[in-house]
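The values are calculated or read from the model by the stated rules, or taken from the named source; none is laboratory data. Note that the structure is a prediction, hence the values are computed from the model and not measured. Note that we place each Cβ from the backbone using ideal geometry, even for glycine, and neighbour counts take in every protein chain shown. Surface accessibility is based on the protein's heavy atoms, side chains included, excluding ligands, DNA and RNA. Shrake-Rupley method; radii C 1.70, N 1.55, O 1.52, S 1.80 Å.
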Amino acid sequence: MDSRWSRPRKLIGRVFGSIGAVALIAAAAPLSEAQPSLRAAQWLLPADRVSALGSRPRECLAPSALVDDADAVAIGRVAFRTPVLLGGQAARGGISCASCHSNGRRNAAFFLAGLSGAPGTADVTSAMMSTRRDNGVFDPLPIPDLAAPGRISRAPGDGALEAFVRSVIIDEFDGSPPTSATMAGLVSYLRHLRPCAPEKREAITLATATADIESAIGAARAALRRDDQETARLMLAGARWTLGEMDERYPGEELARHRAAIRMADRSLAALQQQLDRDPVAAARALGAWRLKPATLAALRRAEPDSLYAAGVMAAAFGVAAVRP
């Protein structure tokens, strides 16, 4: 692996507006008007969209013996999936760490014109995301699997992984420095990643999205137990981002009522984000009781076979054959 992957990179923490407010990167692979408007499809070639949007590499995490470790891993996992962490052009385009590193592994289908050569590559010294690392040369490299051993030491206490992550956020993506809890969480998440055996892909479903939302809410609660409103706000941004992805999977007039329910849940989290500034105690209390409504979840499950979580529906929408995980 090229030594440039061992240079530090960068992330950030700001809050989104409403669902769908993030602009798409202009250089991304275009979608036809007849195809579904999934933001993640913008950095996939047409031939890879159905498989990459329908499944992802499995995520294997080493168990955490301590509650504090588990909380840190949960916070890092959410931050890793939240575009707002990276800031700048990446956040505007909806790109997160997980866009290149699905489940912390490797998105072999990632392709963004001007940034990628072949699918699964990216130029980490391009001015497309940040001018800080620009070397004036188009030299994309294979995106690494973060669960595999690399050039960066993961040993606790030596600071190498922390420096790497901070530089990715600040230098590679033009983001703002993350909170100490977010940084500790990202490092803990990366240290707990392990290769999966056997190597298989998992389907992306309503259940996986719901689990990601619940994880983000739990991470926000963990941050608030430490009176860390800024990290909690980022965790809520992560939950809202996943709600936005869920919203995209229920397109069309027939599924409009499901999108309305998803957007109502999003508005409730947006209100909690604002309340964190005015009355963090009340916000923490309200967050402790927050859940996706059982009736909403039940309705979404019933409609899932007609949504873009269904492989056949996704394939038909993109006009290609269905691909199983």
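Screening the candidates SER176, SER167, SER153 for the property of being surrounded by fewer than 22 Cβ atoms within 10 Å (Cβ to Cβ) and not in a loop (DSSP other than H, G, I, E, B) yields one hit, SER167.
Could you run through the range 179-208 and say how many residues are touching a Ser or Thr at 6+ places or on another chain (Cβ under 9 Å) and surrounded by 21 or more Cβ atoms within 10 Å (Cβ to Cβ)? Outline the logic, then answer.
Within the range 179-208, the subset touching a Ser or Thr at 6+ places or on another chain (Cβ under 9 Å) is 179-182, 185, 188, 192, 201-204, 206.
From the residues that got through so far, the ones that are surrounded by 21 or more Cβ atoms within 10 Å (Cβ to Cβ) too are 181-182, 185, 188, 192, 204.
Final tally of qualifying residues: 6.
Just one of the numbered conditions (1) farther than 20 Å from SER55 by Cβ; (2) in contact (Cβ under 8 Å) with a residue 60 or more places away in the chain; (3) surrounded by 19 or more Cβ atoms within 10 Å (Cβ to Cβ) is not true of TYR309: (1).
In the range 85-98, what residues are in a helix (DSSP H, G or I) and open to solvent by less than 10 Å² (accessible area, probe 1.4 Å)? Selection gives LEU85, ALA90, GLY93. Of all residues in the range 266-306, exactly one satisfies the criterion of being β-branched (Val, Ile, Thr) and either under 21 Å from GLU248 (Cβ atoms) or open to solvent by less than 30 Å² (accessible area, probe 1.4 Å) (or both), namely THR296.
Taken over the range 203-222, the criterion of being among the small types (Gly, Ala, Ser) and part of a helix (DSSP H, G or I) is satisfied by ALA207, ALA209, ALA211, SER215, ALA216, GLY218, ALA219, ALA220, ALA222. SER55 passes every criterion in (1) surrounded by fewer than 22 Cβ atoms within 10 Å (Cβ to Cβ); (2) among the polar types (S, T, N, Q); (3) farther than 30 Å from ARG225 by Cα; (4) modelled with pLDDT under 95 apart from (4). If I ask for residues that are closer than 16 Å to GLN274 by Cβ and open to solvent by 10 Å² or more (accessible area, probe 1.4 Å), which ones from the range 213-233 would you list? Passing the criteria: LEU224, GLN229, GLU230, ARG233.
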